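Nothing in this text is a laboratory measurement; each read-out follows from the coordinates by a stated rule. No experiment lies behind these values; they were computed from the predicted model shown. Counting neighbours? That spans all protein chains shown, and the Cβs are built from the backbone with ideal geometry, glycine included.
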Amino acid sequence: MQQIKSDFRQEAEGKIEGADSKTVAPNESVQRQGKLIVGNCVDIMRSWPADIIQLTVTSPPYDKLRDYKGYQFPFEDIADELYRVTAPGGVLVWVVGDRINGGRSLTSFRQAIYFQEIGFSAHDVMIYQKKNTPFMRSNAYTNAYEMMFVLSKGKPTTFNPLKVPTQRHGMELLTHNKLPDGINKKKRGELKKEKTRTNIWSYAVGLGGTTRDKIAFQHPAVFPEKLAEDHIKSWSNPGDLVLDPMCGSGTTGKMALMHDRDFIGIDISPEYIEIARQRLADVGLPVEMRQSA
Ligand SMILES: C[S@@+](CC[C@H](N)C(=O)[O-])C[C@H]1O[C@@H](n2cnc3c(N)ncnc32)[C@H](O)[C@@H]1O
């Protein structure tokens, strides 16, 4: 992390020769640093040192469901590199759905098992529930979710649990477990005002739900800003380095920078990187552009 961070600083000061960078930094006093790189994420990550990324929030192409301009998707190479660059205690959030055509492809599970085989801990398997536009099936229940595999390199160093308000709170007579005499004991105790969320997260999708940034929809598969934001707040702290190696329209980058994390985004498509650049610049977030590592 230190080396990448120092690269950021050196480039910002113009000390690295040939840095083909275009900086949009309206507020020079802000320390956040965003970098967008066009290229195959495997090649780019291979040029980095190990153990530098605190959090990755990403979503791969799903079973060739969408046309991503014909680019290749070397899953195992990407997974291996993600493991290598993740810092001890760092987290990878892998958001993925299956192709449903006759039956489910189960690619998501195969990928999760591969991640576990190479050393990640399957810290949690979360659900991204879509509040609208679910996928209708004539002979099965309507599909309304994708998986969010939360994979960690060792025990996660950071967990900032997101909370929801409880239905009832304050002092009440609370029932304790029955003792062998079979009688319920009651004792005055306090019900808390909030509790930790469940691992099923629901988001509206489409314009206004996924994002209000119209430009983002020039990409075919954007995930909700709130989804990225919730993971960033949960598994990282301000100042941490957040990665999206297949960043598409730049959703993870937007939320990482807005929450005072540094960010590196990679996409194989120059068109998608340009969408991300424009989207971040539109909201005044600092971003540098690179053609390759
Ligand atoms: C599901 S989309 C990501 C969308 C993104 N989460 C967003 O909110 O806009 C997957 C992206 O992976 C990119 N991609 C596919 N193979 C890649 C590779 N080998 N290296 C880098 N990016 C790749 C595609 O161009 C596509 O933009």
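Kindly state, to the nearest 0.05, the FRET efficiency for Ser138 paired with Gln218, given R0 = 22 Å and r defined as their beta-carbon distance.
Details: r = 32 Å, r/R0 = 1.44.
With R0 = 22 Å, the Cβ-Cβ based efficiency is 0.10.
Taking the fewest neighbouring Cβ atoms within 10 Å as the starting point, the ordered list for Thr133, Thr210, Thr56 is Thr133, Thr210, Thr56. Can you check what the net charge comes to around Arg261, using other residues whose Cβ is under 9 Å from the Cβ of Arg261 (Lys, Arg +1; Asp, Glu -1)? Cβ neighbours under 9 Å give a net charge of -2. Each of Asn237 and Thr158 was given a label point 7 Å from its Cα along the Cα-to-Cβ line. The distance between the two points is 0.8 nm.
Taking a sphere under 14 Å around the Cβ of Met171 and counting the other residues whose Cβ falls inside, with K and R at +1 and D and E at -1, yields a net charge of +4.
For Ile78, Ile232, the sequence from fewest to most other C-beta atoms within 10 Å is Ile78, Ile232.
How charged is the neighbourhood of Gly209? Take every other residue with its Cβ under 11 Å from the Cβ of Gly209, and add Lys/Arg as +1 and Asp/Glu as -1.
Values: positive: Lys130, Lys131, Arg212, Lys226; negative: Glu225.
Here the charged neighbours net out to +3.
Using the Cβ-Cβ distance between Arg46 and Asp124 with R0 set to 25 Å, the FRET efficiency from 1/(1 + (r/R0)^6) comes to roughly 0.30.
Extension gain for Asn184 to Thr198 (0.36 nm times residue separation, less C-alpha to C-alpha distance): 2.2 nm.
When the pairs Lys130/Lys186; Lys155/Lys185; Lys35/Lys233; Lys192/Lys233; Lys193/Lys214 are compared against a 31 Å limit on Cα-Cα distance, Lys130/Lys186; Lys155/Lys185; Lys193/Lys214 fall above it.
For the residues Lys185, Lys254, what sequence is obtained by ranking on other C-beta atoms within 10 Å, fewest first? Could you put the intermediate results ahead of the total?
Details: Lys185 11, Lys254 27.
Going from least to most buried by this count: Lys185, Lys254.
Computing FRET efficiency as 1/(1 + (r/R0)^6) for Lys131 and Phe75, where r is the C-beta to C-beta distance and R0 is 35 Å, gives about 0.75.
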